[in-house]
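All of the numbers you see were taken from the coordinates with simple rules; none came from a lab. Bear in mind that the values here come from a model prediction, so they are computed numbers and not experimental data. Methodologically, a virtual Cβ is constructed for each residue, glycine included, from the backbone with ideal geometry; neighbour enumeration extends over all protein chains shown.
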């Protein structure tokens, strides 16, 4: 995923968090281009199955997306129990009114993503397939390629960045519209794979993130507090509720 933005596969995450912005000619091979920067971090990222060229198709917001997220959250809770410290709907499908690729992005927070034995076998048994392995992050996806689950560390910058970006776009109509316009313009171009598409959005994502950070400071927004808003919540709380409702009367 890009910085805070759409959560796609993706290689294109940490370079932008470190302040490395792509050239405007992001399809070139110049030192600051999307392709050059992606190449500079590829040694740290393993794409299981190699690069893929997939259709970049944006659709209007679909009210069924939150329903699908809840279904996938229940699936993850069933597989992991309290190992899943948070399960959050992130990315563009989590923002009402925003166009998106019809792929549900989920952040799954665990104690340490690099300790795969704690969660990956259970996720595989639940039907998810490992696609991305990088330091502090794994991405598994559904067999239908329409759900991407990003495994991140509880309390990590990855977790905070995605939740803040989501909540800001839910709040601010101007940046929500701006992001949608850029996504549509970028989607019309030809990309070698989804990572290049994601990386090409990082300039506007960086700009929006800066405004989101100012909003977070002015409102005392935090990851802990956002769970009180509407979506999010702790997987353990879902397990406890399920246990209460299933007790014999």
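Report Rg (one decimal) and Dmax (nearest whole number) for the range 83-183, counting Cα atoms only, units Å.
14.2, 43
With each pseudo-label sitting 7 Å past Cα toward Cβ, what's the residue 60-residue 114 distance in nm, one decimal?
It works out to 4.7 nm between the two label points.
Can you compute the radius of gyration and Dmax for the range 56-132, using only the Cα atoms, both in Å?
Every Cα atom of the range 56-132 included, Rg and Dmax give 13.5, 38 Å.
Could I have the simple spin-label model distance between residue 124 and residue 207, label points 7 Å from Cα toward Cβ, reported in nm to one decimal?
Label-label distance for residue 124 and residue 207, simple model: 4.4 nm.
Report the gain in length on full extension from residue 219 to residue 189: 0.36 nm times residue separation, minus Cα-Cα distance, nm rounded to one decimal. Provide the component values of the computation, followed by the final result.
Values: separation 30, 0.36 × 30 = 10.80 nm, distance 3.75 nm.
Contour length minus Cα-Cα distance gives 7.0 nm.
Peptides 204-214, 82-92: what's the order by average Cβ count within 10 Å, highest mean first? It would help to have the intermediate numbers written out before the result.
Numbers: 204-214: 17.7, 82-92: 22.2.
Per-residue mean Cβ counts within 10 Å order the peptides as 82-92, 204-214.
If one computes the Cα centroid of the range 164-193 and of the range 65-125, what distance in Å separates the two points?
Between the Cα centres of the range 164-193 and the range 65-125 lies a distance of 21 Å.
So, in nm, how far is label residue 181 from label residue 70 when the simple model puts each one 7 Å beyond its Cα toward the Cβ?
Between residue 181 and residue 70, the simple spin-label model gives 3.5 nm.
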